[in-house]
1. Filter region 1-18 down to the residues that are under 21 Å from residue 69 (Cβ atoms) and either surrounded by 15 or more Cβ atoms within 10 Å (Cβ to Cβ) or not aliphatic (A, V, I, L, M) (or both) and list them by number.
2. Residue 29 passes all but one of (1) touching a strand residue (DSSP E or B) at 6+ places or on another chain (Cβ under 7 Å); (2) closer than 20 Å to residue 71 by Cα; which number fails?
3. Please work out if residue 47 is surrounded by 12 or more Cβ atoms within 10 Å (Cβ to Cβ) and in a loop (DSSP other than H, G, I, E, B).
4. Sort out which residues of region 57-70 are at negative phi and open to solvent by less than 70 Å² (accessible area, probe 1.4 Å), and write them in order of number.
5. Listed residues 85, 55; which is in contact (Cβ under 8 Å) with a residue 12 or more places away in the chain, within 16 Å of residue 25 (Cα to Cα) and out of contact with any strand residue (DSSP E or B) (no Cβ under 9 Å at 6 or more places or on another chain)?
Amino acid sequence: VFYVLLGLMLASYAQIALMDPGTVPRKWHLKVAGDPVLKQRYRLCRKSNLFKPPRAQWDHVTGRLVLNFDHFCPWMVNSVGFYNRKFFILFLFWSFVCCFY
């Protein structure tokens with residue numbers, strides 16, 4: 001049972017470390033730049049000079065604009081954002097379960 005839990009924890013870790021945290025797509029930036037109504041709605045990022053969706057922030061460590069940016073996790077060597085937040089929570093859960101099994 002412990003090895004199954006350990007496997008789930010390591011699988012979650014691999015998903016966090018290898019998955020894109022949610023970089024804002026280039027296609028979205030081009031769409032906003034081409035539409036004057038959308039230009040009024042979204043702000044420009046001071047670091048990248050790209051339009052920022054709501055809750056997107058510039059990550060200073062990785063140097064990219066991340067959707068729903070939470071934090072940069074040095075143990076995962078990746079940012080925690082829109083696409084890998086679920087796996088970060090699962091990793092914390094499986095780590096907790098493995099510690100107390």
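The values are calculated or read from the model by the stated rules, or taken from the named source; none is laboratory data. Bear in mind that the values here come from a model prediction, so they are computed numbers and not experimental data. Backbone-built Cβ (ideal geometry, glycine too); neighbour counts: all protein chains shown. The protein model used for the area step is the full one, side chains on, heavy atoms only, and it has no ligands, DNA or RNA in it. Shrake-Rupley method; radii C 1.70, N 1.55, O 1.52, S 1.80 Å.
1. Of everything in region 1-18, those that are under 21 Å from residue 69 (Cβ atoms) and either surrounded by 15 or more Cβ atoms within 10 Å (Cβ to Cβ) or not aliphatic (A, V, I, L, M) (or both) turn out to be 12, 13, 15, 16, 17.
2. For residue 29, the failing item is (2).
3. Yes, satisfied.
4. 58, 59, 62, 64, 65, 66, 67, 69 - these are the residues of region 57-70 that are at negative phi and open to solvent by less than 70 Å² (accessible area, probe 1.4 Å).
5. After applying the criteria, what remains is 55.
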